[in-house]
Amino acid sequence: MPNNIAVIGDRDFILGFKALGCALYPVDEKMDVRLAFTKAIEADFSFIFILESYALKIMDLLEQYREKSRPLVIPLPDFRQGLSLSEDLLSQFTIRAVGKDIS
């Protein structure tokens, strides 16, 4: 299933996912996060992992896919920053899947 997974973020952060067979969408001066996300959606991945700091920049796009079963968009926490979006969204996914907050 790794070939059904996309990872969006800066090159340094996402490079390790290449060893797992994931498709990489590095965000830099040449490709902005909206374009990377759109390309990943068009490629029809089941799972899209996106670095939390980039997810914050495209929340309007992420909202469009929140209620859909596919793709499942999962923000990855960045150890270099102290954001908590990942915890909040994972809690929402759990509530959606189980029907209540189990944390």
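Observations, loosely collected:
- The set of residues in segment 10-26 that are within 15 Å of Ile58 (Cβ to Cβ) and at pLDDT 95 or above contains only Tyr25.
- Unmet criterion (only one of (1) modelled with pLDDT under 90; (2) surrounded by 16 or more Cβ atoms within 10 Å (Cβ to Cβ); (3) not in a helix (DSSP H, G or I)) for Lys100: (2)
- Among the residues making up segment 52-75, those that are outside any helix (DSSP H, G or I) and in contact with a helix residue (DSSP H, G or I) (Cβ under 6 Å, 6 or more places away or on another chain) are Val73, Pro75.
- Within segment 1-41, restricting attention to residues that are of a type in the set (Lys, Arg) and under 20 Å from Pro77 (Cα atoms), the residue that is surrounded by the most Cβ atoms within 10 Å (Cβ to Cβ) is Arg34.
- Residues of segment 6-35 that are assigned to a loop (DSSP other than H, G, I, E, B) and in contact with a helix residue (DSSP H, G or I) (Cβ under 9 Å, 6 or more places away or on another chain): Asp10, Gly21, Cys22, Val27, Asp28, Met31, Asp32.
The values are calculated or read from the model by the stated rules, or taken from the named source; none is laboratory data. Predicted, not measured: the structure shown is a model, and the values here were computed from it. Ideal geometry is used to build each Cβ from the backbone, glycine not excepted, and the neighbour counts take in all protein chains shown.
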